[in-house]
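Just passing along the structure, written as structure tokens.
Each value in this text was obtained by applying a stated rule to the coordinates, not by laboratory testing. All values reported here derive from a predicted model rather than from experimental measurement. Cβ: placed from backbone, ideal geometry, glycine included. Neighbour counts: every protein chain shown.
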């Protein structure tokens, strides 16, 4: 169990939207540093966020640049900063798939969850896009082998604080 968890932070129902259905944007509660007292603050070039202390790692080589990986025994967190940052596609076919649309700090956020029968059973992701467009999107993806990560992922995603327009 990850230290510092209480309850999920998004009040909006997580659901699978149908094509053409109106999307409701929920405003997320601002983060409070005391909510993260048992977590580590991770500083990247254009944003910071909080994560469980057991996640270790950092920058990784990738074709586009702007890739980061953090791992623990059970969790894996990947970050992708580039114009084509991944978003849910085939994942929408999973029975358990659901999504939330919200704003976090200065960005629109599309958050999704699903379960699968693979190495990482529980999966969560968020894509951040910016009002001014910009060259880059940010994708954060959290995976767990054994623990339902909805609460952990919401806490990580909610903690994102942008310093400036994203850079690799």
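Provide the gained length on full extension for the span residue 61 to residue 96, in nm with one decimal, where the gain is 0.36 nm per separating residue minus the Cα-Cα distance. It would help to have the intermediate numbers written out before the result.
On the way: separation 35, 0.36 × 35 = 12.60 nm, distance 3.22 nm.
Length difference between fully extended and current span is 9.4 nm.
Continuing with this model, one more query. At 7 Å along the Cα-to-beta-carbon direction for both residue 103 and residue 119, put a label point, then send me their distance in nm to one decimal.
Output for this residue pair reads 3.9 nm.
Once label points are set 7 Å from the Cα along Cα→Cβ at both residue 130 and residue 73, what is their separation, rounded to one decimal in nm?
Inter-label distance under the simple model: 4.0 nm.
Here is a follow-up. Could you give the length gained by full extension between residue 48 and residue 148, i.e. 0.36 nm per residue of separation minus their alpha carbon distance, to one decimal place?
Numbers: separation 100, 0.36 × 100 = 36.00 nm, distance 2.39 nm.
Value of the extension gain: 33.6 nm.
Quick one: if the Förster radius is 35 Å, what FRET efficiency do residue 41 and residue 14 give, using the C-beta to C-beta distance and rounding to 0.05?
Working: r = 27 Å, r/R0 = 0.76.
Efficiency, rounded to the nearest 0.05: 0.85.
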